[in-house]
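J.: For reference, the structure I am asking about is given below.
Taken together, the values in this text are just the output of simple stated rules run on the coordinates, not laboratory data. Predicted, not measured: the structure shown is a model, and the values here were computed from it. Positions of Cβ are backbone-derived with ideal geometry, glycine not excepted, and every protein chain shown enters the neighbour counts.
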Amino acid sequence: MPAKELNKPCMECKDAEFELTVRKRQLCSLCFKRFIAHKVQSRLSVYRAFGLDGPKTQLLLPVSLGVSSSVLLHILNTDRQHRLDNGRPVGYDFKILVIEPSTVAATGIPFDQNYEALQKNFPMHTISRIPFHSIFDYAPEMVGIMKEYAGSKFIDDSTRSNEERLAAFRASISTPTSRTDVDTVLLTRLIVEFAKKSGCESIIWGDSDSRLAAKALAGVAKGRGSSLTWQVSDGMSPWGVRFEYPLRDLYKAELLQYESVCAELSDVVIPDQPPSENVLTKNLSIDELMLRYVQNQGAKYPGVMANVARTANKLNPSASDGAPTCALCASLLGNVKGNSGVTVANQAEDNHSSQFCYGCMRSRPDELC
Amino acid sequence: MAPTACFNCKEARAVIIRPKNRHKLCRACFIKIFETEVHETIIGTNLFFPGERVAIGASGGKDSTVLAAVLKTLNERYDYGLDLCLLSIDEGIRGYRDDSLETVKRNAVQYDMPLDILGYSELYGWTMDQVVEQVGKKGNCTYCGVFRRQALDRGAARLGIRHVVTGHNADDVAETVMMNLLRGDLPRLSRGTSIVTGSDASDIKRSKPLKYAYEKEIVLYAHHRQLDYFTTECIYSPEAFRGSARTLIKDLEKIRPSSILDIVKSGEDMAALVPVEAQTIKHCERCNYISSQRICKACTLLDGLNRNRPKTAIEVGVGMEDEESSSTLMRQMERAQLSAT
Ligand SMILES: [Zn+2]
Ligand SMILES: [Zn+2]
Ligand SMILES: [Zn+2]
Ligand SMILES: [Zn+2]
């Protein structure tokens, strides 16, 4: 018998007013959070294989201070706290990495206060903060690779600061699509190198289902279909660090709901920039176009967008052990084993004997895009 | 603006900007390059063998007309030794099919190829006009496409020919890749991009020699060779979701012209990554045609028609489409409508 008189009780506990509707169920904020957290924890259950005294896996959680990765952090932190309080095995430890947003986005979003809130609200974790251009410290070979990649028009001035050198390289890439593509490649590389240096076996990415769908579609559209097996699927990356996407069963809208009932996150999260209205399609990047497509079509055909990431997650990782990989993004060079298509041979003369993969060649500065 | 010299021969005046890579080319070089790329596709994939009898699925539209013209040219230029013929399907749509069949008949004379025309009424007992009468105009492309696909195979089998080539282009293949990903259809993802499909019970090989050719370049080729083709193809609108995928591909092409080929490349790679369990090919219990379901789509649709239950028959969802649906026809239709207004 519920003790309280409730207007519209939560369908789960029947002991509180309902606050949020999720997947047609009306829940109180506590039950809602539990529901969301469960979807995430079941994805990470492999890391709990060991008992209380067993070895702990080291995970790296990159936090962009956006909604999704911040919510993921909150869920992992809550779960960990709960387990410690109850003397149950946690199974893993995680480190937090923030790539300074001001060094990534051109708009130079201030984030210091958000970062401070992060440190204050999650004090029991190791939090590191590094700028984008520290890629030259973590992966010194990138200097040469970038020079090779950008071609003759790009002149690297080694007397300049790392920040200036990275900016010059990024500026040499001409289209929004290629710039976003190469930025993602470089950020991934930086995070992987950081993970390796700090002894992390896996990276836990905060991509929602919607985000993964957009990533998969954009990857396909950019000729990067063979890399979906680690860029969208849970699996081993080419660098020997596992990639996990535990938010893959949650929509972006649900993560926004979670954030809205989480006081600890209100000062941490930098809200998404609203999509700019008056942009000509041809001036969008492919990644942006796909995000918009997933948003619009996801509203009309909700199940369909969930298909995309799920389908990508069913693909077998390429069995091309020892096959040459791209110097920049570590994707396979040429075709996946068993693909007899002639796109590579026929269409991209410049692809021969290249150290860069099909996708990276498309984003190269001298490509006509 | 001063005239630009051709990127290829550096002599003649460029009159074409290639949609695929924006190279500026003269007419002769464009035609030569277009043909050479199709030739490279044919050689690179070992598509034909000398002496092979090949039926070109001819609708009178630009894709199949260009395919016939290019194959005839290449067959002579490179001595493929192919025995080419045209195979047309008469869906039985009064008013529009008559004209396109006339086009195909002229093509047969122009290319000096034998022509066979096979009717839906002979194959299925229904003309498209009768189907429309029964189910209304919505959802028609499904019937038309599903019936057409089988019709070509059956027609070829009747002629004792084991290889049918169709005019599916890179835009069609790219759209199919996106659709299969969106529908989560792994079996089709594993087959949809391969240049040769089929080899089912009826032993008919199906292939698409234009799978790397851009739709826009096919139009340019037809224009600059002044080919005789029929402009308006299908008169029914496509299902809404496929429409959204098509718009997406058009948008991608605007952003990065190479996208269409890039999607084809991704599709080919992903096809090789589909787990073996998901690749199994099944056959229709009733007609033995290749099918992912127990009963193939044509038989299912026919069942609906024959049971005289129009409403259930048109409730075809996202998953119930022809796997190689060529929406080029519809794209062309949209353009025709636009230019008419
Ligand atoms: Zn509750
Ligand atoms: Zn690469
Ligand atoms: Zn020329
Ligand atoms: Zn059947």
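J.: With a ≥ b ≥ c the root eigenvalues of the C-alpha gyration tensor of segment B:28-275, is it rounded (a/c under 1.5), prolate (a/b larger than b/c) or oblate?
T.: rounded
J.: Could you state the angle between the C-alpha long axis of helix A:286-300 and the longest principal axis of the C-alpha atoms of chain A, as a value from 0 to 90 degrees rounded to the nearest 10?
T.: Roughly 40 degrees, rounded to the nearest 10.
J.: Which percent of Cα pairs goes in each bin when the distances of chain A are cut into 10 angstrom slices starting at zero?
T.: Percent of Cα pairs in each bin: 5, 21, 32, 26, 11, 4, 1, 0.
J.: For chain A, what is the mean residue ellipticity at 222 nm derived from helices alone (per DSSP H run of n ≥ 4: -39500 (n - 2.57); sum divided by total residues; nearest 500 deg cm²/dmol)?
T.: -12000 deg cm²/dmol, from helical runs alone.
J.: Just report the Cα centroid separation between segment A:205-272 and segment A:291-332, whole Å.
T.: The distance from the Cα centre of segment A:205-272 to that of segment A:291-332 comes to 11 Å.
J.: Please report the net charge: other residues with Cβ closer than 9 Å to the Cβ of residue B:214, K and R +1, D and E -1.
T.: Working: positive: B:18, B:20, B:216; negative: B:171, B:215, B:217, B:253.
So the surrounding residues net to -1.
J.: With every atom except the alpha carbons ignored, what do you get for Rg and Dmax of segment A:19-161, in angstroms?
T.: 20.0, 61
J.: Specify whether the C-alpha gyration tensor of segment B:28-77 places it in the rounded, prolate or oblate class, a ≥ b ≥ c being the square roots of the eigenvalues: rounded for a/c under 1.5, otherwise prolate if a/b is larger than b/c and oblate if not.
T.: On the way: a/c = 1.84, a/b = 1.03, b/c = 1.78.
Oblate, because a/c is 1.5 or more while a/b does not exceed b/c.
J.: If you don't mind, there's one more thing I want to ask. Per-residue Cβ counts within 10 Å, from other chains only, averaged over A:329-342: what number is that?
T.: 5
J.: Something else now. For each pair in B:24/B:250; A:153/A:215; B:24/B:216; B:20/B:72; B:10/B:265; A:14/A:56, compute the distance between the two Cα atoms and list the pairs where it is over 26 Å.
T.: In this structure, A:153/A:215; B:10/B:265; A:14/A:56 exceed 26 Å between Cα atoms.
J.: Moving to a separate point now. How long are the three semi-axes of the equivalent ellipsoid for the protein assembly as shown, computed from the Cα gyration tensor as the root of 5 times each eigenvalue, in whole Å, largest first?
T.: Numbers: eigenvalues 478, 215, 96 Å².
Calculated on Cα positions only, the semi-axes equal 49, 33, 22 Å.
J.: Rounded, prolate or oblate for segment B:30-154? Axes are the square roots of the Cα gyration tensor eigenvalues, ordered a ≥ b ≥ c, and the cut-off for rounded is a/c under 1.5.
T.: prolate
J.: Under a Cβ-Cβ cut-off of 11 Å, what is the net charge of the residues other than residue B:73 that fall near it, where Lys and Arg count +1 and Asp and Glu count -1?
T.: It works out to a net charge of +2.
J.: Could you tell me the distance between the Cα centroids of segment B:87-130 and segment B:153-194, to the nearest Å?
T.: Cα centroid to Cα centroid, the span is 21 Å.
J.: Additional query: Let me know the mean shielding of A:221-232 by other chains, meaning the per-residue number of their Cβ atoms within 10 Å of its Cβ.
T.: On the way: counts 16, 8, 10, 4, 16, 7, 2, 5, 3, 0, 0, 0.
Taking all residues of A:221-232 together, the mean is 6.
J.: Using only Cα atoms, tell me the angle between helix A:162-171 and the longest principal axis of chain A; keep it within 0 to 90° and round to the nearest 10.
T.: So the helix axis and the longest Cα principal axis differ by about 80 degrees.
J.: I would also like to ask the following. Go ahead and collect, in residue order, the members of segment B:203-217 whose backbone nitrogen is under 18 Å from a label point 7 Å along the Cα-Cβ direction of residue B:46.
T.: B:205-209
J.: Modelling each spin label as a point 7 Å along the Cα-to-Cβ direction, I'd like the residue B:292/residue B:36 distance in nm, to one decimal.
T.: Each label point lies 7 Å from its Cα, and together they span 3.9 nm.
J.: Please compute the net charge surrounding residue A:275, taking Lys and Arg as +1 and Asp and Glu as -1 over other residues with Cβ under 9 Å from its Cβ.
T.: -2
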